Structure formats: C-alpha cells, structure tokens
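Novice: Provided herewith is a single structure, encoded as structure tokens, for subsequent inquiry.
The values are calculated or read from the model by the stated rules, or taken from the named source; none is laboratory data. The structure displayed is predicted, hence computed values, not measured ones. A quick note on method: Cβ atoms are made from the backbone with ideal geometry, for glycine too, and the neighbour counts reach across all protein chains shown. Just the protein is used for accessible areas: all its heavy atoms, side chains included, with ligands, DNA and RNA removed. Shrake-Rupley method; radii C 1.70, N 1.55, O 1.52, S 1.80 Å.
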Amino acid sequence: MITLLAPAGIPEVSPGDDLAALIAHALAGEGIGLEEGDVLVVTQKVVSKAEGRVVELASVTPGDQAREWAERWGKDARQVELVLRESAEVVRMAPGGLIISRTRHGFVCANAGVDLSNAPSEGVAVLLPLDPDASAERLRGQLVARGAGPLGVVVSDTFGRPWREGLVDVALGCAGFAPITDWRGTPDLTGRELQVTATATADQLAAAAGLLMRKDAGIPAVWVEGVALEGTGRVRDTLRAPAMDLFR
C-alpha cells in the first residue's frame, strides 16, 4: 500500500524562511514522523520563495525583444523579459504569446517556469530554483538533522506536455533516491528480459502528490509512505540531450 497525506498548517512562505522548520512543524501537528523510506514531495513554488527566487515586476526593465513580443500578444513586457532572461533557448512561441523555452537547467516548459500565480503579492513573479536538485538535498539534510529518518525529497512543478492536453506534476529535483528505476536486464511477468524499460520514479511521485496539490488548495507539500526507494541520483542527469530530442 502507498499512502499520501497532505499536512495542513504550512503557512505562506517568504524569502529567508526556514522551510524545513515550517514543514517539520506541520508534520508534527499531524502526528507524522518522517521514517526511513518515506518521501516528501514539495512544490517548487515554496522552495523558490524560501530561497528568494522572487522578482517584483516593477524592478524589471524590458528589452526591445520583450517589448515587441508583449505588444504583439498583449502581454506584460516585464514578465516577457523575465522569461527571456530565464531561458537558454526559445523553442517555440505559440499564438497568444505562450513561450516554450529551455531553461538553464535544461527543462523544456512554458514561460521558463516564470509564474505569477500563488505569488507573494500582486506584481511579483516566482522563478524556478537555481538548482532544484541542490534544493532537494539541502531540505533533506535539514529534515534529517531534525530527526527524520533517511528519506527522499522531491521538488515538483506543473508542466504541460507537447503531445497531450492537460498538465501534470513532474520532478525538478530529488534527493535520497535514484530518479529513474532501471528495469533493463530483469524479467517481466512472463520471464522475457526487459531491454529498454526505465521508470521515471521521481516523476511518478510528483504526479501522485499533484492529485492533492490543487492550485486552490494551498497545499505545498505531500508525504508519501510505502515506496521502495533505491540508489541515488539527480533529476538533472535524466534530462535528454537536445540532439536526442525526437520532437524538435
């Protein structure tokens, strides 16, 4: 059995807050003790806020390209400027002004992850963490220092998919386990040796937690129990090289 629980009581997070302390307090209030093998899935938004990855749009001066695109599509030029700054490559621009870009991390997503929803206040944008894997490892270490057993941590965000409608939560960073479970060389149910199967475990955990992390629910963290964790690794190492991307 796999159990998911969304603890209540995690307050609004501000730059400089001790996110581990806030989460640990909320978990204790629910009687949850993070044990060995448990996983904590945390939204990118609260990680970014705690790390100070927030920008007031009033402080942004748009460049020529940002102003041109914003005027064409009726967008805020300051937000467009932030998207361009956070992008290593603009992959596509869709009608309506949606920018699909590759971030400096290597993620291909809408608007380079720049988001104004659930921001600290009006006119403030939240950016992706500089290094989500490091963020996950740091949070994991702080929770273990507070008495949690060896556990896994996933930093998640909501992404669209180029070949399907709808959004799904995926892992931006992880710590304490391998983000991919490699089944190659093992037999399937009928005894046939698997040749290519590698399961995106970190993404599956993020997607499962996303069922509880509705945009209007104010739930930034989900505790998962009952998952067999193995190995170590980083989400960054799972990103497919652009030369191997068959969809571009």
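Novice: Which of (1) within 30 Å of Arg240 (Cβ to Cβ); (2) free of Cβ contacts under 8 Å to residues at least 40 places away in the same chain; (3) hydrophobic (A, V, I, L, M, F, W, C) is the odd one out, the single condition Ala110 does not satisfy?
Specialist: Result: Ala110 fails condition (2) only.
Novice: Let me ask something else about it. Of the conditions (1) touching a residue at least 40 places away in the same chain (Cβ under 8 Å); (2) open to solvent by 70 Å² or more (accessible area, probe 1.4 Å); (3) over 25 Å from Leu151 (Cβ atoms), Glu35 clears all except one; give me its number.
Specialist: (3)
Novice: Can you tell me which residue within the range 177-217, out of those that are free of Cβ contacts under 8 Å to residues at least 12 places away in the same chain and open to solvent by less than 80 Å² (accessible area, probe 1.4 Å), is farthest from Gly231 (Cα to Cα)?
Specialist: The residue in question is Gly191.
Novice: Report whether or not Ala228 is of a type in the set (A, V, I, L, M, F, W, C), open to solvent by 60 Å² or more (accessible area, probe 1.4 Å) and either closer than 25 Å to Glu30 by Cβ or not in a helix (DSSP H, G or I) (or both).
Specialist: It is true that Ala228 is of a type in the set (A, V, I, L, M, F, W, C), open to solvent by 60 Å² or more (accessible area, probe 1.4 Å) and either closer than 25 Å to Glu30 by Cβ or not in a helix (DSSP H, G or I) (or both).
Novice: So Phe107 fits all but one of (1) surrounded by fewer than 21 Cβ atoms within 10 Å (Cβ to Cβ); (2) more than 17 Å from the chain's Cα centre (by Cα); (3) not charged (D, E, K, R); what number is the exception?
Specialist: (2)
Novice: With the requirement that a residue be at pLDDT 95 or above, buried (at least 17 other Cβ atoms within 10 Å of the Cβ) and either assigned to a loop (DSSP other than H, G, I, E, B) or charged (D, E, K, R) (or both), what does the range 81-104 give you?
Specialist: Glu81, Glu86, listed by residue number.
Novice: For residues that are part of a helix (DSSP H, G or I), over 18 Å from Val90 (Cα atoms) and touching a residue at least 12 places away in the same chain (Cβ under 8 Å), tally how many sit in the range 54-78.
Specialist: 2
Novice: Which condition breaks for Ser135 when tested against (1) among the polar types (S, T, N, Q); (2) touching a residue at least 60 places away in the same chain (Cβ under 8 Å); (3) open to solvent by 30 Å² or more (accessible area, probe 1.4 Å)?
Specialist: Of (1) among the polar types (S, T, N, Q); (2) touching a residue at least 60 places away in the same chain (Cβ under 8 Å); (3) open to solvent by 30 Å² or more (accessible area, probe 1.4 Å), only one is false for Ser135: (3).
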